[in-house]
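Written below as structure tokens is the structure these notes are about.
The values are calculated or read from the model by the stated rules, or taken from the named source; none is laboratory data. What you see is a predicted model, and the numbers here were worked out from it, not measured in a lab. Virtual Cβ from ideal backbone geometry, glycine too; neighbours counted across all protein chains shown. Ligands, DNA and RNA are excluded from the accessible area calculation, which covers all protein heavy atoms including side chains. Shrake-Rupley method; radii C 1.70, N 1.55, O 1.52, S 1.80 Å.
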Amino acid sequence: PAYAAYGRWLDEQNPGWLKRKHLEAEGVFRRTGITFNVYGEDAAEERLIPFDMVPRIVSASEWRRLSRGIEQRVRALNAFIHDLYHRQE
């Protein structure tokens with residue numbers, strides 16, 4: 001349901017236009033350095049950070065659940081970093 005309105009809009013779009021927009025975005029990523037290298041491979045070529053032209057739509061209920069998990073992980077990371085730089089228990 002969260003994708004219904006977006007899905008209707010996307011269905012109405014010209015596939016050629018969407019492809020051009022995708023290529024434009026790739027060009028911007030390359031020009032601005034949104035790339036990475038895989039070291040250790042023979043051809044450690046510069047790669048684009050993976051991205052999707054279709055946005056991820058998160059409903060309010062999904063976001064509430066996600067945000068609790070994100071907050072929990074931030075607290076855990078902060079506790080780890082505090083311990084690392086202090087008592088190291």
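Measuring from label point to label point, each 7 Å out along Cα→Cβ, what is the residue 13 to residue 52 span in nm?
1.3
Run through the chain and list the trypsin sites (Lys or Arg not before Pro) located in a DSSP loop whose Cβ has at most 13 other Cβ atoms within 10 Å. List each step's numbers first, then the result.
Values: sites: 8, 19, 20, 21, 30, 31, 47, 56, 64, 65, 68, 73, 75, 87; in loops: 56, 87.
Of the trypsin sites (Lys or Arg not before Pro), the ones in loops of the chain whose Cβ has at most 13 other Cβ atoms within 10 Å are 56, 87.
Between residue 84 and residue 38, what length comes free when the chain is fully extended (0.36 nm per residue of separation minus the Cα-Cα distance, one decimal in nm)?
Values: separation 46, 0.36 × 46 = 16.56 nm, distance 2.91 nm.
Gain on extension, residue 84 to residue 38, equals 13.6 nm.
Just to be sure I understand: with springs between alpha-carbon atoms less than 10 Å apart, which residue in 27, 40, 16 has the highest mean-square fluctuation in the Gaussian network model of the chain?
Maximum fluctuation in the GNM of the chain, among the listed residues, is at 40.
Can you list which of the GluC sites (Glu not before Pro) found in the stretch 1-61 are DSSP loop residues with at most 14 other C-beta atoms within 10 Å? Could you put the intermediate results ahead of the total?
Working: sites: 12, 24, 26, 41, 45, 46; in loops: 12, 41, 45.
Those satisfying the criteria are 12, 41, 45.
What do you get for the angle between helix 15-32 and the principal long axis of the chain? Use alpha-carbon atoms, 0 to 90 degrees, nearest ten.
For 15-32 against the chain, the angle is about 40 degrees.
What angle, in degrees between 0 and 90 and rounded to the nearest 10, separates the Cα long axis of helix 60-85 from the longest principal axis of the Cα atoms of the chain?
Computed tilt is about 40 degrees.
So what is the accessible area of the chain per residue, in Å², with the probe set to 1.4 Å? Please report the intermediate quantities before stating the final value.
On the way: 7900 Å² over 89 residues.
On a per-residue basis, 89 Å².
How compact and how long is the chain, expressed as Rg and Dmax of its alpha-carbon atoms in Å?
20.2, 60
Set Lys and Arg Cβ to +1 and Asp and Glu Cβ to -1, take the dipole of the chain about its Cα centre, and tell me which of 49, 7, 79 lies farthest positive.
7
List the longest stretch of the chain that has no exposed loop site; here a site is one of the chymotrypsin sites (Phe, Trp or Tyr not before Pro) assigned by DSSP to anything other than H, G, I, E or B, with at most 16 other Cβ within 10 Å. If you can, show how the numbers build up before the last one.
On the way: sites that count: 3, 39, 51.
Value returned for the longest uninterrupted segment is 52-89.
Counting only protein heavy atoms and a 1.4 Å probe, tell me what percentage of the chain's accessible area is made up of carbon and sulfur. All intermediate terms of the calculation are to be shown ahead of the outcome.
Numbers: 4440 of 7900 Å².
Roughly 56 percent of what the probe reaches on the chain is carbon or sulfur.
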